[in-house]
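Report on one structure; see the data block that follows.
The values are calculated or read from the model by the stated rules, or taken from the named source; none is laboratory data. Treat the numbers as computed from the prediction; the structure is a model and nothing was measured. All Cβ positions, even for glycine, are placed from backbone atoms using ideal geometry, and neighbour counts span all protein chains on display.
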Amino acid sequence: MTTPLSAATVSDKTIEEFILFILQNRIDIIEPAVSPATGILYPKIQPFASKYKLNPLKLLEKAEKMGFLEKEVFDKVIFCPKCGSLRYIARLHCTRCGSKNIKSSRIIVHELCGYAGVELEFKKEDDQLICPNCGQPIGENYQIIGELFTCLDCSHRFPVPDVKFECMDCGNVFNSQESRYMPVYKYKVLPEKVELFVKKVALRNIKDILLRSGYRLLEPPIIAGVSGINHQFDIVGLKNDNKVAISYYDPSTDENIQSHILNLLGKSTDVKDAVIID
Ligand SMILES: [Zn+2]
Ligand SMILES: [Zn+2]
Ligand SMILES: [Zn+2]
């Protein structure tokens, strides 16, 4: 295969960056480009895969297993069963002797004498086909009732030839049954899953920053308001007299942005001793 392969498995950290890449580039669907020269490529994510020297398929499969993508069959193609290449030469072979020296020809019935044979048997004279049975030119008195392959080496006649492929990369010769006839997928980005994940990453990063700055985290992240009502935040950090409360708007929930802001305003008037960050 010409696609750069990496044996290394895709780490969770890489998936994290991959999801951010998808989000930043506003990618909603990842479709393959299928070509013998390049194999299966996913152009939209190629810059990311190249940068990390990753097999794009492994990346996509892992992201799909983690629930960020949904896959759908885009195409089905034959791969070399030995090396996975898409570069091969296809040939037709005689079903009896295996020769590739075969020819497809029409089956002709000479209506005047009733003789039926393949076109190869009818000699051509002055642009006229001569019936091998009665020796007369068939003119327009004939019918074509089908087609047959004829082996020019062993004269065997057969309706369907054997198809064989010769891989141009590894030299392997294989038939249709032995081939790897595999689906090629396209991947749909599931926005709710991606946004939820990004929120988790963002909150984790904020927690790291708070911890590094000497804060301790309040668990559960709840602050009692002046009114006595408990207010739930995503993170509450404490350091001496400083209190930081983080409230993150999550577009994947039923909460809309207006009610999020109103809710936050309510919290901020009720909670007097904390800096509230949205
Ligand atoms: Zn033959
Ligand atoms: Zn005839
Ligand atoms: Zn091969």
| query | Out of all the residues in region 136-150, is one or more away from ligand 2 (no atom under 16 Å from the Cβ), in contact (Cβ under 8 Å) with a residue 60 or more places away in the chain and either farther than 26 Å from Ser104 by Cβ or over 26 Å from the mean Cα position of the chain (by Cα) (or both)? | reply | no
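Each row is one residue, and each column tells you yes or no for (1) farther than 15 Å from Ile22 by Cα; (2) surrounded by 15 or more Cβ atoms within 10 Å (Cβ to Cβ); (3) of a type in the set (A, V, I, L, M).
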| residue | (1), (2), (3) |
| --- | --- |
| Leu41 | yes, yes, yes |
| Lys51 | no, no, no |
| Asn55 | yes, yes, no |
| Lys65 | yes, no, no |
| Lys71 | yes, yes, no |
| Gly84 | yes, yes, no |
- prompt: Is it true that Val189 is aliphatic (A, V, I, L, M) and within 16 Å of ligand 1 (Cβ to nearest atom)?
  reply: no
Checked Arg96, Arg91 against criteria (of a type in the set (Lys, Arg) and touching a Lys or Arg at 6+ places or on another chain (Cβ under 8 Å)); the one match is Arg91
Residue pairs within 6 Å by beta carbon, gap of at least six or interchain, first lying in region 85-102 and among the basic types (Lys, Arg), second part of a loop (DSSP other than H, G, I, E, B), listed first then second, are Arg87/Pro36; Arg87/Met168; Arg87/Asp169; Arg91/Lys100; Arg96/Cys154; Arg96/His156
Exercise for review: Report yes if Val198 is modelled with pLDDT of 90 or more, among the β-branched types (Val, Ile, Thr) and not in a strand (DSSP E or B), otherwise no.
Suggested key: no
| request: Inspect all residues belonging to region 213-225 and state whether any of them is buried (at least 16 other Cβ atoms within 10 Å of the Cβ) and closer than 30 Å to Glu70 by Cβ. | output: no
Exactly one of Tyr88, Tyr115, Tyr142 is under 30 Å from Ala37 (Cα atoms) and away from ligand 1 (no atom under 16 Å from the Cβ), and that residue is Tyr88
